[in-house]
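Novice: Starting off with a structure, shown below.
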Amino acid sequence: MRNKKYILIVGMLFLLFGGYFIADKMLFSGVKPRAVDGNGFQANFFAKESIKNSPTVILIGGGQWGDYWGQQFAQKGLVGLSLPYIGKEGLPELPEGIELTYFENVLNWLKAQTEVNPNKIVVMGASRNAELALVLASVLPKHIRGVVAYAPSAVSWSNTVLPYNSNEIKASWKYKGIDIPYLPMDKIKGNMTNKIEMEGYWLDGLAKKDLLQKAMIKVENINGPILLFSGTDDKVWPSSVMSDLIEKRLTEHDFEHAFQNIKYDNAGHLISNNPEHKERLRTGRVNIDGKEYTYEFGGTEDGDFIAKQEAKIMLMEFIDKL
């Protein structure tokens, strides 16, 4: 009797888990990622099983954002790699002194994958990850053949632009132990209110003309097309202003590849997020010296939504032309 009871329980569990996996397979229509670990980096690799020699997009920063876009690219017959570089076990805790050879290792691994076209690898990032994407493409032009940057920066900033970083001013990025030139910034300071005006902090940094030129990202070295997206009402940092600085530098250096500087009115800092969702959260929170402050993302709900949808169409066209 007891054996029959155990058999019944085991049978029910088998049906339960078997039904779950069958339902999961029937309901999930996307491309499940392959976790990559043990190659000196951690990532989620998105590609259909039948894909060979396809254009590939590295999503700098990874996380939910990287996984979303990796899934989108894979469903279009491309390859996506959602790549974190901080905040996970075995990775640096903070975005400071990040060694670019980490990404060089990733690129060498990618080039060995049959799904990947080694001559059509581009990097994509948003905000400070867009800064890093542009830096990577300028330092590693033999590996990277294009950049997509949402809400980008025209310069490399010091580590101290984020209030939770260490107090010592130093480079955010370095290559083979050598600092990527940066614009040194004092940490953002609190005030007597509960709100922080972010944009002015960055504009003050860009006004340091004696330091600005040295810190400008050498975008003219990028070996492929560049696509920039920004919102003219970005309240987190002046991404449209910095997009124009990038365009000016490329023009001055007779950049030979395609370049697009797309700016959206009524859009803010969050234009890289999921284009199918409206951004109803209009403010963020930051802790400065133990006190919580709010800050605005900029743009409007409808403005961000329109920008994200239009940008996604242009993004896919950009990748198709590689």
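The values are calculated or read from the model by the stated rules, or taken from the named source; none is laboratory data. Fair warning: this is a prediction, and the values are worked out from it, not measured in the lab. Please note: Cβ atoms are built from the backbone with ideal geometry, for glycine as well, and neighbour counts cover all protein chains shown. To get the accessible areas, we keep the full protein, side chains included, count just its heavy atoms, and leave off ligands, DNA and RNA. Shrake-Rupley method; radii C 1.70, N 1.55, O 1.52, S 1.80 Å.
Novice: Of these, N191, N221, which one is under 28 Å from D320 (Cα atoms), surrounded by fewer than 21 Cβ atoms within 10 Å (Cβ to Cβ) and among the polar types (S, T, N, Q)?
Specialist: One residue alone meets the criteria, N221.
Novice: Would you be able to say whether some residue in region 147-162 is touching a residue at least 60 places away in the same chain (Cβ under 8 Å) and open to solvent by 10 Å² or more (accessible area, probe 1.4 Å)?
Specialist: Yes - at least one qualifying residue is present in region 147-162.
Novice: For region 292-304, enumerate the residues that are part of a helix (DSSP H, G or I) and buried (at least 21 other Cβ atoms within 10 Å of the Cβ).
Specialist: Residue satisfying the conditions is D304 alone.
Novice: While we're here: Within region 128-245, which strands (runs of 3 or more DSSP E) (wholly inside it) include 3 or more residues that are modelled with pLDDT of 95 or more, over 20 Å from I86 (Cβ atoms) and small (G, A, S)?
Specialist: Those strands (runs of 3 or more DSSP E) do not exist here; none qualify.
Novice: Ok, one more. Do we find that I262 is open to solvent by less than 40 Å² (accessible area, probe 1.4 Å) and touching a Ser or Thr at 6+ places or on another chain (Cβ under 9 Å) in this structure?
Specialist: Spelling it out, I262 is indeed open to solvent by less than 40 Å² (accessible area, probe 1.4 Å) and touching a Ser or Thr at 6+ places or on another chain (Cβ under 9 Å).
Novice: Could you please let me know if V36 is at pLDDT below 90 and either farther than 24 Å from I313 by Cβ or touching a Cys at 6+ places or on another chain (Cβ under 9 Å) (or both)?
Specialist: No: the conditions fail for V36.
Novice: Would you mind stating whether L211 is hydrophobic (A, V, I, L, M, F, W, C), under 18 Å from V135 (Cα atoms), open to solvent by 30 Å² or more (accessible area, probe 1.4 Å) and without any contact (Cβ under 8 Å) to a residue 40 or more places away in the chain?
Specialist: yes
Novice: Another one. Of all the residues that make up region 296-317, how many are in contact (Cβ under 8 Å) with a residue 12 or more places away in the chain, over 13 Å from Q72 (Cβ atoms) and not hydroxyl-bearing (S, T, Y)?
Specialist: 13
Novice: For region 107-127, which residues satisfy the criterion of being more than 19 Å from S54 (Cβ to Cβ), in a strand (DSSP E or B) and out of contact with any helix residue (DSSP H, G or I) (no Cβ under 6 Å at 6 or more places or on another chain)?
Specialist: The one that is more than 19 Å from S54 (Cβ to Cβ), in a strand (DSSP E or B) and out of contact with any helix residue (DSSP H, G or I) (no Cβ under 6 Å at 6 or more places or on another chain): A126.
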